[in-house]
Amino acid sequence: MRRRSAVLLMLSALLLSAPGFAAGTAETRRQAQAAPALPEVRLQRVVSGLANPVFVTHAGDRSGRLFVVEQAGVIRIIRNGRLLTRPFLDINARVISGGEMGLLSVAFHPKYASNGRFFVNYTADGERLRTVIAEYRVSAADPNVADRTERVILEIGQPYRNHNGGLNLFGPDGMLYIGMGDGGSGGDPHNNGQRLESLLGKLLRLDIDGGTPYRVPSDNPFVGRAGARGEIWAYGLRNPWRFSFDRGSGRLFLADVGQNAWEEIDLIERGGNYGWRIMEGAHCFRPQTNCDRSGLTLPVAEYGREGGCSVTGGYVYRGSRIRDLVGRYLFADYCSGQLWALTETTSGRWTMSELLATALRVSSFGEDQDGELYVVDHQGGIYRIVPR
């Protein structure tokens, strides 16, 4: 979905039959060789026939429903394994879609069961190209249909048409986290990733219950710092394509799409600088050698372009159906269709192991209320990860 040159698409077909690839540093490869055996899993199709799905999630209301985001501006409901005909929300007329733009995610308020509030992230144009964070509510008449009245929470100008980030996600602290790409083009020409006066290239954290339209939490790291935006939680990101909180530990995992050579997984901490555009993964980018790494947090895992072309972040598995996956972080690559698992060792290091080869364009993962994981195929399907 994000960078699909003809060469990379050809490579992805070859990668599907490859027994492995050289991922990350030599240390990462040594760890991967020593990683404990993974369980055998397969993908069980839940529904098909979707139009460019990019996200799936639940509403936290114990209804068992899954909500699927279609890139053009529609949210659909899966109920009892069946895709409902009528959309939950259709804002196609407000959304500009194509390439990396579109309706990119939905986040349901932690008290959605009682207040019916949810928040979308989409690309719009008009007088200017921009990311829109907006609130909607479920209709009073039908729990499977939303009221189309929009309340805009935040608009962020986009200088180019790529690197939109696009994920809204509530954290265990009740705050709304928003992933923003660096604004696009290539090589971050405006150095947005490192500029604290810009919201681009950042992970944002907002209190949407504490103000109108939101409040900047007082414990955000750059509150009160001259020349810095208080909404910023972490920075130095290129294009965060999916992040998640581990429901077991509360830790925040984020996948950041690379420029030319390296895809990375980061563990996000308050106020952390994750390197872009100084670093791409654990490697110097600008300058290409002898870059100053002072104060930068390097990824916990990375892989080179022989493993794909665009990382898709996932979740730490906390379900009950696949016992040997519990505690492992799952992620994928959009171009190769490969799924991997990250396992933390007792020494605090991470091992990266191949989990499953697929022919899918993995645009996202999803988690249901019970912690079971799903894979979103941008070609139109939703799949559940189950034991083989």
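The values are calculated or read from the model by the stated rules, or taken from the named source; none is laboratory data. Quantities reported herein were computed from a predicted structural model and do not represent experimental measurements. So basically every Cβ, Gly included, is an ideal-geometry build from the backbone, and we count neighbours across all protein chains shown.
Quick check on E302: is it assigned to a strand (DSSP E or B) and either charged (D, E, K, R) or at pLDDT 95 or above (or both)?
On the way: assigned to a strand (DSSP E or B): yes; either charged (D, E, K, R) or at pLDDT 95 or above (or both): yes.
For E302, the condition - assigned to a strand (DSSP E or B) and either charged (D, E, K, R) or at pLDDT 95 or above (or both) - is met.
Mind checking which strands (runs of 3 or more DSSP E) fall wholly inside region 60-109 and carry at least 1 residues that are of a type in the set (F, W, Y)?
Values: elements: 66-70, 74-79, 103-108.
Qualifying strands (runs of 3 or more DSSP E): 66-70, 103-108.
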Q) When you go through A93, A72 one by one, which is the residue that is modelled with pLDDT of 95 or more and touching a helix residue (DSSP H, G or I) at 6+ places or on another chain (Cβ under 6 Å)? A) A72
Q. Of V152, V132, which residue is touching a Pro at 6+ places or on another chain (Cβ under 9 Å) and either crowded, with 20+ Cβ neighbours inside 10 Å or part of a strand (DSSP E or B) (or both)?
A. V152
Q: Would you check if G295 is among the small types (G, A, S), farther than 23 Å from L355 by Cβ and within 19 Å of the chain's Cα centre (by Cα)?
A: no
(Q) For region 346-368, give me each residue that is closer than 15 Å to A255 by Cα and out of contact with any helix residue (DSSP H, G or I) (no Cβ under 9 Å at 6 or more places or on another chain). (A) V362, S363, S364, F365, G366
Q | Where F119 falls short, out of the listed (1) part of a loop (DSSP other than H, G, I, E, B); (2) touching a residue at least 24 places away in the same chain (Cβ under 8 Å) | A | (1)
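Name the residues in region 237-286 that are of a type in the set (K, R), more than 16 Å from Y177 (Cβ to Cβ) and within 13 Å of the chain's Cα centre (by Cα), would you? Quick ask: steps written out before the conclusion?
Our first condition is that a residue be of a type in the set (K, R); within region 237-286, this holds for 238, 242, 247, 251, 270, 277, 286.
After this cut, where a residue has to be more than 16 Å from Y177 (Cβ to Cβ) as well, the list is 238, 277, 286.
Passing the criteria: only R238.
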Q: For R94, indicate whether it is buried (at least 21 other Cβ atoms within 10 Å of the Cβ) and basic (K, R).
A: no
Q | Neighbours by Cβ (under 7 Å, 6+ apart or cross-chain): first from region 347-359, closer than 13 Å to V41 by Cα; second assigned to a loop (DSSP other than H, G, I, E, B) and of a type in the set (S, T, N, Q) | A | E354/Q338; A357/Q338
Q) Given G186, G193, G174, which one is modelled with pLDDT of 95 or more, buried (at least 17 other Cβ atoms within 10 Å of the Cβ) and part of a loop (DSSP other than H, G, I, E, B)? A) G193
Q | Only listed residue being closer than 25 Å to A134 by Cβ, among the aliphatic types (A, V, I, L, M), at pLDDT 95 or above and surrounded by 18 or more Cβ atoms within 10 Å (Cβ to Cβ), chosen from L267, L199 | A | L199
**Q.** Out of E100, E127, sole residue that is within 23 Å of A359 (Cα to Cα) and either buried (at least 20 other Cβ atoms within 10 Å of the Cβ) or modelled with pLDDT under 95 (or both)
**A.** E100
Q: Among the candidates N115, N80, single out the residue that is on the phi < 0 side of the Ramachandran plot and either surrounded by fewer than 20 Cβ atoms within 10 Å (Cβ to Cβ) or not aliphatic (A, V, I, L, M) (or both).
A: N115
